[in-house]
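The values are calculated or read from the model by the stated rules, or taken from the named source; none is laboratory data. Note that the coordinates shown come from a computational prediction; the quantities given were computed from them, not determined experimentally. Heads up, the Cβs are rebuilt from the backbone with ideal geometry, glycines too, and the neighbour counts pull from every protein chain shown. Areas reflect the complete protein model, heavy atoms only, side chains present, ligands, DNA and RNA absent. Shrake-Rupley method; radii C 1.70, N 1.55, O 1.52, S 1.80 Å.
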Amino acid sequence: SKSRFELPESQRKCSCCGGELHEIGVEETKELERVEFTVVHKLQRVKYACRGCEQGVTTAPGPLRVIDKGLLGPGFLATVAVERFGNHMPYNRLEKKYENEGLKVSRSVLERSMATCADLLEPIWKELQRQVVSASAIFTDDTGVTIARGSSGKSRKGHAWIYLDQEGNHFYDFTESRKRDGPVEILLGYEGYVHADAYPGYDA
């Protein structure tokens with residue numbers, strides 16, 4: 001976008017001789033602005049019925065959607081995924097952020113939507129896993145994470161594991177403990193070099 005600022009006509013006089021000032025060019029500077037907003041898109045499916053027999057109602061099919069009957073559209077889903085997993089924003093903070101913008105989206109909707117997206121993206125995860133563990137050398141490490149409180153009211157520890165090849169292709173695995181079961185399952189049948197720390201769970 002562009003904004004143009006001009007002198008009022010009353011100020012277009014030369015301060016030296018009083019002659020009329022004429023435009024000779026434009027001095028331009030840049031200012032960055034960021035706009036975040038949500039659009040409510042109503043999907044109207046027309047319903048039809050027969051006036052003759054008054055039996056049955058036929059409704060026009062709607063568009064293909066990422067989550068059938070879901071509240072969030074593809075752009076909103078992508079935004080939540082980036083905010084939650086790329087920028088590490090907890091769901092409760094996202095819920096509050098949207099509320100401050102006048103939008104009521106509960107954290108349970110956000111959580112369920114991301115879980116559904118994870119299920120839909122699982123084939124891509126499996127293909128990444130297949131590519132990485134077919135490399136001649138891979139790198140791996142784990143990071144302890146806190147699993148949110150459940151019905152018991154207590155949080156617990158889990159572990160996120162990364163596996164990547166020399167080309168930078170990578171995928172993550174999750175286990176509820178640091179037992180060797182996780183690496184053993186991922187690396188079962190692997191032949192090649194594994195670059196990791198001295199954790200003995202890799203030895204098998």
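What tally of residues in segment 181-195 results from selecting those that are open to solvent by 40 Å² or more (accessible area, probe 1.4 Å) and touching a helix residue (DSSP H, G or I) at 6+ places or on another chain (Cβ under 8 Å)?
The number of residues fulfilling the criteria is 2.
Considering only residues that are acidic (Asp, Glu) and over 20 Å from the mean Cα position of the chain (by Cα), look in segment 138-180 and name the one that is most open to solvent (accessible area, probe 1.4 Å).
167
Being open to solvent by less than 50 Å² (accessible area, probe 1.4 Å) and either touching a strand residue (DSSP E or B) at 6+ places or on another chain (Cβ under 9 Å) or assigned to a helix (DSSP H, G or I) (or both) narrows it down to one residue among 95, 122, 111; which is it?
None of the others qualify; the one that does is 95.
Just to verify a result, which residue in segment 112-138, among those that are among the aliphatic types (A, V, I, L, M) and in contact with a Gly (Cβ under 8 Å, 6 or more places away or on another chain), is nearest to residue 185 (Cα to Cα)?
Restricting to residues being among the aliphatic types (A, V, I, L, M) and in contact with a Gly (Cβ under 8 Å, 6 or more places away or on another chain), the top hit is 138.
Note down all Cβ pairs under 9 Å where the first residue falls in segment 161-183 and is touching a residue at least 24 places away in the same chain (Cβ under 8 Å) and of a type in the set (A, V, I, L, M), the second is surrounded by 14 or more Cβ atoms within 10 Å (Cβ to Cβ) and in a loop (DSSP other than H, G, I, E, B), and they're at least six residues apart or on different chains.
164/135
Mind listing just one residue for me: the one in segment 143-187 that is part of a strand (DSSP E or B) and of a type in the set (Val, Ile, Thr) and, of those, modelled with the highest pLDDT?
Across segment 143-187, the extreme among qualifying residues is 162.
Got a number for residues in segment 52-85 being assigned to a loop (DSSP other than H, G, I, E, B) and surrounded by 10 or more Cβ atoms within 10 Å (Cβ to Cβ)?
8
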